[in-house]
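All of the numbers you see were taken from the coordinates with simple rules; none came from a lab. On a predicted model such as this, the values are computed, not experimentally measured, just so you know. Don't worry about glycine lacking a Cβ; one is built from the backbone with ideal geometry, like all the others, and counts go over all protein chains shown.
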Amino acid sequence: MIALAFLQTGCLAGDGASATGRDSKKSIGRIVLDIDGRLRDIVLVDPLGRRDEDSDSTLVTDIPGCSRWPGGLEHELDDPDTNYKDRMLFQLEESLPGQYKVLAIADDSVQVRINVVFEPMLATSASCPSIERVDRVPPGPVSWTLQATGSPPKGKCNVTILPVMRGERGASR
């Protein structure tokens, strides 16, 4: 019951962001999202409320063109030095303008690094194709909001990572 309430909250947050522009369903570019830190049950929610998550060892993705790699590409290539439990990589071949949510659970207080590489669909003057944020998170449910735009204000990035929020979770187990 609680999971359903959080699920609806996550979807509603995404829907509100997507309704702000007429081109909200048009791709603005490609995003590679890399998350480093001991987190579990990581879920990505796009601006339309569609989700990419592992549910009882079954991948559930409603986000078109979204790929997920626990451990990143190195783990996929069987690199023995990769600790896959501390890393998650998402690739979005077509990102939409609006708010993306990263939802997760931390079992302990841990430092988490989020890196976003954005490749715009159209040539822009944005001077930051890669941005990074590092937060120390407490145990429990946590979330980050990534704000994506196709035409950022002068001197700003296409993607902004907002500070971590505590206690928000879209799919608890």
remark   = Expected vector for the stretch 102-112, Karplus 3J(HN,Hα) from phi with 6.51, -1.76, 1.60 and θ = phi - 60°, integer Hz, x for Gly and Pro, equals 10, 10, 7, 10, 9, 7, 9, 5, 8, 8, 10
task = Pull up all non-local amide H partners of GLY29: gap of 5 or more, or a different chain, and H-to-H distance under 5 Å with H placed in the peptide plane.
result = SER95, MET121
note = Using alpha-carbon coordinates alone, the radius of gyration and Dmax of the stretch 101-152 in Å work out to 14.0, 42
query = How far, in nm, would the chain grow between VAL134 and GLN111 when pulled straight, counting 0.36 nm per residue and subtracting the alpha carbon separation?
reply = 7.6 nm
message = Highest mean first, how do 90-103, 143-156 rank when packing is the count of other Cβ atoms within 10 Å averaged over residues?
response = 90-103, 143-156
